[in-house]
Amino acid sequence: MTAYSPALIASETEQFEIGKQKAKVCMTCHGADGISTQESYPNLRGQKMGYLISSLKDYKTRERTSGLAVLMQQQADALSEQDIQDIAYFYSQLGN
């Protein structure tokens with residue numbers, strides 16, 4: 001059993017809420033709970049944090065170009081490194 005300090009738990013809760021606020025724009029296509037209702041948009045709920053970070057960075061640097069990448073490139077362009085971390089944390093924690 002892992003012991004968590006109250007400060008760590010508060011920090012994680014705070015980051016989750018910050019990420020949730022920053023992810024509101026993502027929810028239009030990827031769903032309010034990270035489960036997309038549209039076939040062409042992937043589910044983000046429960047994805048690994050590293051994968052989400054890598055994907056957003058790849059859109060930002062134009063390394064991902066297929067499908068609807070142009071839409072994601074525009075969204076990623078507006079994100080700071082901290083935004084990417086917070087949004088990825090939020091979606092990675094959904095469903096846990």
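The values are calculated or read from the model by the stated rules, or taken from the named source; none is laboratory data. These numbers come from a predicted model, not from an experiment. Quick reminder, even Gly has a Cβ in these numbers, built from the backbone with ideal geometry, and neighbours come from all protein chains shown. Remember, those area values only see protein heavy atoms, side chains included, never the ligands or the DNA or RNA. Shrake-Rupley method; radii C 1.70, N 1.55, O 1.52, S 1.80 Å.
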Using a Gaussian network model of the chain whose springs link C-alpha atoms within less than 10 Å, name the residue from SER66, SER55, SER36 with the highest mean-square fluctuation. SER66
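Based on DSSP H runs of at least 4 residues, each adding -39500 (n - 2.57), what is the mean residue ellipticity at 222 nm of the chain after dividing by all its residues, to the nearest 500 deg cm²/dmol?
Values: 5 runs with 55 residues, N = 96.
Mean residue ellipticity at 222 nm (helix-derived): -17500 deg cm²/dmol.
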What residue among ALA78, ALA69, ALA23 has the largest mean-square fluctuation in a Gaussian network model of the chain, using Cα springs under 10 Å? ALA78
Quick shape check on the range 38-80: root eigenvalues a ≥ b ≥ c of the Cα gyration tensor, a/c under 1.5 is rounded, otherwise prolate if a/b tops b/c, else oblate, and it reads oblate
Hey, if you drop one equal point scatterer on each alpha-carbon of the chain and run the Debye formula without solvent, what base-10 log of I(q)/I(0) do you get at q = 0.12, 0.14 Å⁻¹? -0.38, -0.51
About the Cα centre, and with charges only on the beta carbon of Lys, Arg (+1) and Asp, Glu (-1), how big is the dipole of the range 25-80? Nearest 20 debye, please. 160 debye
Using a 1.4 Å probe on the protein heavy atoms, what percent of the accessible area of the chain belongs to carbon and sulfur? 54 percent
How high is the relative contact order of the chain, in percent, counting Cα pairs under 8 Å that sit 6 or more residues apart? 37 percent
Rounding to the nearest 20 debye, state how big the charge dipole of the chain is about its Cα centre with +1 on each Lys and Arg Cβ and -1 on each Asp and Glu Cβ. 180 debye
Among LEU44, LEU79, LEU71, which one shows the highest mean-square fluctuation when the chain is modelled as a Gaussian network with alpha-carbon springs under 10 Å? LEU71
Signed unit charges on C-beta, dipole axis of the chain, positive-most listed residue ALA78, SER55, TYR91: SER55
For the range 34-82, report the accessible area per residue in Å² (1.4 Å probe, heavy atoms, rounded to an integer). 68 Å²
